[in-house]
Amino acid sequence: MKRTMMTLTAAAVALAAATGVAAVAAPGGAPQAAPGAARKPVERSALLCPTPTSSEVGETTYTAFAPKGATGKGTAALQAAGTVQQDTGGKGGKGKGKGDKGDDGGGQQTVPPHDTKPVAPLTSAGTPVTATTNRSDAPALTGEADGAFAPGWTVQQTTTVAAGAGRGLLGLSCVAPDTTFWFPGVGTGKDRQDYVHLTNPDATQAVVDLELRGKDGALSGDAGENIAVPPHTTVPVLLSTLTTSPQPDAALHVTAREGRVGASVQATDTHKGGDWLPAAADPAPGAVLPGIPADATAVRLVVLATGDTDADLKVQLATPTGSITPAGLETLHVKSGMTTAVDLKPQGEAGSLVLSPADSGSRAPIVAALQVVRGKGADQEMAFIPATRPVEQRATAADNRAKGATLSLVAPEKGKDAKVTVTASAGSGGGSPVSKTYTVKGGTTLAVDPPRPQGLKGNYALTVEPAPGSGPVHAARMLAQPQGGVPAFTVQTLPDDRGTVVVPTAGQDLSLLTD
């Protein structure tokens, strides 16, 4: 009996130690239920910025920002990643190499970064920090934030290329590492040169598979299998080398079978310049694509049905005055495992595309993205708008200038208005924050010139925060910086920054120890 009681007591002590709480008992000795879960700021976050450009006439600005809110101290900075160079006769990184310096057995050489100085380290929350480079061999960057800087840490990489292939304005919100990414809208046709940049933030090798799908399903070729990404290194892969069937409207699926990576696609078009294509939101039965510019001259939608069943979609444009159905496109049928591409007629006003199941019982998952063009003839410039998650707590666009920014807010559900507060941070060189509240009627898009800091100097950040009880809202920010006659621009969607997580509270329950 004594031995049994001692065993139970020891188990109870171990349980309390494991859960990190003291014993809690209600009057009379009955166990007290643990309090509910609480939402708390994340304590660590990671971001990866791909190699910006190989152009001799390119200049890149990194803008790093962490919103105010978390308490205590913190750190946040980016570091240069290594690169992989292919040996003559190599296989593009295919194979399970060790990722050490030198030949890894897969025909590739790992080259360490030439500079280890931190890039854009933060010194305080609420004020952005910028760094610039005009090097054609500027490296990819990996970084971590912790403490008070971790929640909502955002870095934008903005590159201006004055001439040549990919000329224009290329913008990207640096990405968090993950194990899977979807990129509808990539191209492998004769006018496109698209690279996927794979960056490994960790101390162990990652192994990645790349799968291309087109209008007839999987594209032939096995060169995308088993790509080794050494530790703290980036590997660019030209998508046209993965298939013998060039297609202008394809979709790329990136899967890390070992480790994790950050993945972004740099798309270059012979006639339309270049920009970054970020990953789309995870597959879901519907999608929201916010931020079509009012002066768009061409809009092309690419959709992939990722599941085992076909998808039938209702297509609507949320305009400033309400939702409309594009002429001749009441529904869109997308075959399982295949891409479907359609051109949407520009409306001459700002808008957002909303895709939803045509049948309320349909749950076929999809991913989607838009290619948007401004300008005409030789003065065209393109950007991409992938489907994006709603803003639940907060979202941030880190790089905004004194001129050229347009913020788009869409409330996709009719009858569910959205109310959001938009805050312009202090400028990187000075200025005072300014906030403004907007109401977006359900089923419409609101495009506005965002607030600017008082006495702005340098770049500033925008944060979007829905009010309690607000209807669903999605957001995007367009940054326009004309280059002569070219209306150079880039669009960044603003998904929720996931700066907080739900943490369950553990409590002691001795009833678990009874027979």
Within the group 222, 194, which residue is modelled with pLDDT of 95 or more and of a type outside the set (S, T, N, Q)? 194
Given the conditions (1) in a loop (DSSP other than H, G, I, E, B); (2) touching a residue at least 60 places away in the same chain (Cβ under 8 Å), report the number of the one that residue 123 does not fulfil. (2)
Is it the case that segment 252-271 has a residue that's touching a Ser or Thr at 6+ places or on another chain (Cβ under 9 Å), part of a loop (DSSP other than H, G, I, E, B), open to solvent by 50 Å² or more (accessible area, probe 1.4 Å) and closer than 30 Å to residue 416 by Cα? no
Does residue 288 qualify as being more than 25 Å from residue 218 (Cβ to Cβ) and of a type in the set (A, V, I, L, M, F, W, C)? yes
Matching residues, segment 157-181, being open to solvent by 10 Å² or more (accessible area, probe 1.4 Å) and among the polar types (S, T, N, Q): 160, 173, 179, 180
Could you please find all residues in segment 291-321 being under 20 Å from residue 218 (Cβ atoms) and of a type in the set (Ser, Thr, Tyr)? 306, 309
From the option list 225, 211, single residue qualifying as charged (D, E, K, R), assigned to a loop (DSSP other than H, G, I, E, B) and either open to solvent by less than 10 Å² (accessible area, probe 1.4 Å) or in contact with an Asp or Glu (Cβ under 9 Å, 6 or more places away or on another chain) (or both) is 225
Taking segment 333-358 and the residues there that are charged (D, E, K, R) and over 25 Å from residue 308 (Cβ atoms), the one that is least open to solvent (accessible area, probe 1.4 Å) would be 349
Which members of segment 182-208 meet the condition of being part of a strand (DSSP E or B) and open to solvent by 20 Å² or more (accessible area, probe 1.4 Å)? 182, 192, 193, 195
Restricting attention to segment 101-140, which residues are modelled with pLDDT of 95 or more, among the polar types (S, T, N, Q) and crowded, with 21+ Cβ neighbours inside 10 Å? 127
When segment 272-295 is examined, which residues are found to be more than 20 Å from residue 308 (Cβ to Cβ) and in a strand (DSSP E or B)? 273, 274, 275, 276, 277, 288, 289, 290, 291, 292
Go through the residues of segment 394-405 one by one and say whether even a single one is open to solvent by 40 Å² or more (accessible area, probe 1.4 Å), without any contact (Cβ under 8 Å) to a residue 40 or more places away in the chain and either part of a strand (DSSP E or B) or within 26 Å of residue 482 (Cα to Cα) (or both). yes
If I filter segment 380-387 for residues that are of a type in the set (Phe, Trp, Tyr) and surrounded by fewer than 19 Cβ atoms within 10 Å (Cβ to Cβ), do I get at least one hit? no
Per-region count, segment 446-467, residues under 21 Å from the mean Cα position of the chain (by Cα) and open to solvent by 50 Å² or more (accessible area, probe 1.4 Å): 1
(1) under 29 Å from residue 71 (Cα atoms); (2) assigned to a strand (DSSP E or B): which one isn't true of residue 497, the others all being true? (2)
Counted residues, segment 243-284 - those being under 19 Å from residue 47 (Cβ atoms) and aliphatic (A, V, I, L, M): 9
Among the residues of segment 362-373, are any surrounded by fewer than 24 Cβ atoms within 10 Å (Cβ to Cβ) and free of Cβ contacts under 8 Å to residues at least 12 places away in the same chain? no
Quick check on this structure: which one of 311, 296 is within 24 Å of the chain's Cα centre (by Cα) and within 18 Å of residue 185 (Cβ to Cβ)? 296
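The values are calculated or read from the model by the stated rules, or taken from the named source; none is laboratory data. Computed from a prediction, not measured in an experiment: that's the story for all the values here. FYI the Cβ positions are ideal-geometry reconstructions off the backbone, even for glycines, and counts take in every protein chain you see. What goes into the accessible areas is simple: the full protein's heavy atoms, side chains included, and nothing from ligands, DNA or RNA. Shrake-Rupley method; radii C 1.70, N 1.55, O 1.52, S 1.80 Å.
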